[in-house]
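One structure is given here, and the rest of the page talks about it.
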Amino acid sequence: KWEYNLYPISVEELLQHTNYLEILKNLNSYLVFGTYPEVVNQQRDAQEILKNLTSSYLYKDILALVGIKKPQILEKILTALAYQVGSEVSLSELAQTAGADVKTIESYIHLLEQSFVIYRLGTFSRNLRNEINKKKKVFFYDTGIRNALISNFNPITARNDIGALWENFLIMERKKLLAYHGFYGKTYFWRNKDKAEIDYVEEIDGELYVYEFKWNPKEKVKFPPIFMENYKPKSSQTINRENFMAFLTVYPY
């Protein structure tokens, strides 16, 4: 059988109908309001559209789909995940926050993944003792939905979460690009017990490609020597707001 996933509009698709300069001009808007078609086409009404989406699609439609009768638990989980975007998520901590057991939390998160609301990125590990391989990072398929959940539509210049938003945006846009071009490899993040980490790792045909994401182009980045020495990735690259277009529009494999 063939399966097709329809994501929010991708940067690659936007480029087919506009140009590079226009995308740069609207980048801040994409980070704050996301890229659902209705939002992109009606930016003046973006906040109202997103609030309607979160109240109807995220709660009524998803809950009705599987017959869940405790929307307050789903709401608590979504809000907690929205605040932890780009961070490693603990199911036990979520269970305490939502007032539910871990098994219930896992089932709700699985439902949100199946509904293409959130995406969990696992850790890369080849069983080195000091690596962490249990927790996963959580990202939202659309940054506008994430911001609606925490009621924060402040512009980029007035936010303290731009690093997390930028990481979320890049990882999900990259996911769209890879999915649309038939990528058959795997994707991860990496972190060890000494808190050395890499934002994003792609593995295909036995080769590793590693990336760090920085909003500020002037911020210096050094990839962890322990990772570089042990795994010898084929390439390493820092993606920032000045060089991100190729990362999101050119399929490299």
- [ ] Indicate the gyration tensor shape class of the stretch 177-221 (rounded, prolate or oblate), computed on the Cα atoms with a ≥ b ≥ c the square roots of the eigenvalues: a/c under 1.5 is rounded; otherwise a/b larger than b/c is prolate and the rest oblate.
- [x] oblate
Task: From phi via Karplus (6.51, -1.76, 1.60), per-residue ³J(HN,Hα) for the stretch 205-221 in Hz, x at Gly/Pro - done: 6, x, 9, 10, 10, 10, 9, 10, 10, 9, 5, 7, x, 8, 6, 7, 10
Task: Furthest towards positive pole of dipole, 71, 41, 230, structure part the chain, Cβ charges - done: 230
Open item on the list: Run lengths n ≥ 4 of DSSP H only: what is the helix-derived mean residue ellipticity at 222 nm for the chain, with -39500 (n - 2.57) per run over all residues, to the nearest 500?
Closed with: -13000 deg cm²/dmol
Open item on the list: Output wanted: per-residue J couplings in Hz (rounded whole) for the stretch 36-53, from phi through Karplus 6.51 cos²θ - 1.76 cosθ + 1.60, θ = phi - 60°, x for Gly and Pro.
Closed with: 4, x, 5, 5, 4, 7, 9, 4, 5, 9, 4, 4, 5, 4, 5, 5, 5, 4
- [ ] Pull up the DSSP beta bridges for the chain and report the antiparallel fraction as a percent, rounded to 5.
- [x] 75 percent
- [ ] Could you order 142, 205 by accessible surface area, starting with the largest, using a probe radius of 1.4 Å?
- [x] 205, 142
Open item on the list: Give the aspartates and glutamates whose C-alpha is closer than 19 Å to that of residue 234, dropping any in the same chain fewer than 8 places away, or say none.
Closed with: 197, 199, 202, 203, 205, 207, 212
Task: Surrounding net charge for residue 234, when Lys and Arg each add one and Asp and Glu each subtract one, Cβ distance under 15 Å - done: -3
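Ranked highest first by average number of other Cβ atoms within 10 Å, how do 9-18, 226-235, 167-176, 79-88 line up?
Averaged packing, sorted descending, gives the order 167-176, 79-88, 9-18, 226-235.
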Open item on the list: Given N residues in the chain, what is its alpha carbon radius of gyration divided by 2.2 N^0.38 Å?
Closed with: 1.02
Task: Relative counts (whole %) of C-alpha pair distances in the stretch 115-253, using bins that are 10 Å wide - done: 10, 40, 37, 12, 1
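The values are calculated or read from the model by the stated rules, or taken from the named source; none is laboratory data. Since the structure is predicted, the reported quantities are computational estimates derived from the model, not experimental observations. Ideal geometry is used to build each Cβ from the backbone, glycine not excepted, and the neighbour counts take in all protein chains shown. Only protein heavy atoms, including side chains, enter the accessible area calculation; ligands, DNA and RNA are left aside. Shrake-Rupley method; radii C 1.70, N 1.55, O 1.52, S 1.80 Å.
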